[in-house]
Amino acid sequence: MFEIVFLGTSASAPSIHRGLPALAVIAGEARFLVDCGEGTQRQILRSGIGFKRLNHVLLTHEHLDHILGLGGLISTLASWEADTLESITIYGGEVTLQRVHTLLFDVVLHGDPPLPIELVNLHAVKREPLLTFKDFTVSAFPVSHRGYSSFGYVFQEKARRPFLVEQAEALGVPAGPERGQLVAGKTITLGDGRTITPEMVLGELIAGAKLVVIGDIGKVDSTIKKVVRDADALVIEGTFLEADAETARRHGHLTAARAAALAAETGVRSLMLTHVSRRYREGDIIEEARRVFPNALVARDLDHVVVRRGVGADKLDSQISRLRLEKEAEGE
């Protein structure tokens, strides 16, 4: 299971109701910030998730609406949260990190920072996946958006074999550490001398939840389709409507219809559109997307979504009341 908290969902410039691009992905005890537009640290506070353990920053590309908030955020973390974070690691393409380095070390920070800050160039990383945790992995993949420094990210839960309680009880496996050893793949010996192997009490392998997050993207090819395929949730831009498809193409963006077509063609369960242009009404974007892919929604700032395997994405109550969000949408 993954949780997503949308911190900013506007494109290029903020609107009254939408901040610049940023979202948090929560997986167990780990937290990731994907992009950091201007004003992100205030959105983090409004969302209620706070700054603790937010020490992995995954940047999709170098455009200022996706990175400019890093200056204020890192300044706050270095000044007020240094005791709660051992370090901060920022991942991005080469050009992206060049801009980030200038912003942080030439403008915001002077001398040695109060906590270690590491910049990881995704073009130079050879390992796959990018990050490995106990129950999930994070991978990065290149996307096409006005340059070569853009990336998307895959959050993939590890496959697991469910423990068959009835089978274990029938075999006389007691509740306790023995069952934990079997789940871990270890063979045990019972008190009566019988040997119990994991295969005797574990079910068939079940794939884990898959979340794909893509920022700005201008072209969908076979590689992108392969990465996205069978995702439980896809977060991707829906900056333009199909009526402005030529403008979208010139600026390296997708239309809502094209994003929906990607979801439909690849077996995605839930589609969440973000990077919303102020030129459109939210209802028009949803209508265009759902004509192609019915299980689509347009994310709003501070929306909280849970992604589960085989289910897709469930939107939870936001920190802001639903009535207020509905009234705001009517004014857009």
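The numbers here are math on the coordinates, done by the rules we state, and not lab data. Here the structure is a predicted model, which is why all the values come from computation and not from measurement. Don't worry about glycine lacking a Cβ; one is built from the backbone with ideal geometry, like all the others, and counts go over all protein chains shown.
The slack in the chain from K186 to W80, taken as 0.36 nm per residue of separation less the alpha-carbon distance, amounts to 33.7 nm. Under 20 Å from a point 7 Å along the Cα-to-Cβ line of T195: which residues of segment 137-173 have their amide N that close? Answer for this model: 168, 171-173. Given axes a ≥ b ≥ c from the Cα gyration tensor, I'd like to know whether segment 25-141 is rounded (a/c under 1.5), prolate (a/b larger than b/c) or oblate. Since a/c stays below 1.5, the shape of segment 25-141 is classed as rounded. Size descriptors for the chain: radius of gyration and Dmax over Cα atoms are 21.8, 74 Å. Here the extension length gained between K158 and A13 equals 48.5 nm, from 0.36 nm per residue of separation less the Cα-Cα distance.
Secondary structure note: in the chain, about 60% of the DSSP beta bridges are antiparallel.
Over 31 Å apart at the Cα level, from the set K158/K219; K126/K225; K52/K158; K126/K219; K126/K315; K52/K186, are K126/K315; K52/K186.
Residue-wise HN-Hα couplings along segment 94-101, as the Karplus relation 6.51 cos²θ - 1.76 cosθ + 1.60 with θ = phi - 60° gives them from phi, are 4, 5, 4, 6, 4, 5, 5, 4 Hz; Gly and Pro carry x. For V143, the residues whose modelled amide H falls within less than 5 Å of its own, excluding neighbours fewer than 5 places apart on the same chain, are S150, F151, G152.
Taking the helices alone, the chain has a mean residue ellipticity at 222 nm of -7000 deg cm²/dmol, built from -39,500 (n - 2.57) per DSSP H run of at least 4 residues and averaged over all its residues. Note on segment 169-202 and segment 243-285: Cα centroid distance 51 Å, given to the nearest whole angstrom.
Modelled label positions at E128 and L64, each set 7 Å beyond Cα in the direction of Cβ, lie 3.6 nm from each other.
Under a Gaussian network description of the chain, with springs only between Cα atoms under 10 Å, the residue in H61, H275, H17 that fluctuates furthest is H17. Close amide H pairs (under 5 Å, H built 1.01 Å from N) link F136 with K158, residues at least 5 positions away or on another chain.
With θ taken as phi - 60° and the Karplus curve 6.51 cos²θ - 1.76 cosθ + 1.60 applied, the whole-hertz 3J(HN,Hα) list for segment 41-56 is 5, 5, 5, 4, 5, 5, 6, x, 7, x, 9, 4, 6, 8, 10, 10 Hz, x standing for glycine and proline.
Shown here for segment 174-207: trypsin sites (Lys or Arg not before Pro) in loop regions (DSSP other than H, G, I, E, B) with at most 15 other Cβ atoms within 10 Å, namely K186, R194.
Among I217, I49, I285, the largest mean-square fluctuation in a Gaussian network model of the chain, built with springs joining Cα atoms closer than 10 Å, belongs to I49. Comparing L85, L23, L33 in a Gaussian network model of the chain, where Cα atoms under 10 Å apart are tied by springs, the biggest mean-square fluctuation is seen for L85.
Residues in segment 263-304 near a label at D230, defined as backbone nitrogen under 17 Å from the 7 Å Cα→Cβ point? The answer is 263-270. Label-to-label distance for A207 and E242 is 2.8 nm, based on points extended 7 Å past Cα in the beta-carbon direction. Under the combined filter of DSSP loop state and at most 16 neighbouring Cβ atoms within 10 Å, segment 22-110 retains these GluC sites (Glu not before Pro): E29, E86.
Between R146 and H110, the C-beta separation translates, for a Förster distance of 30 Å, into a calculated FRET efficiency of about 0.40.
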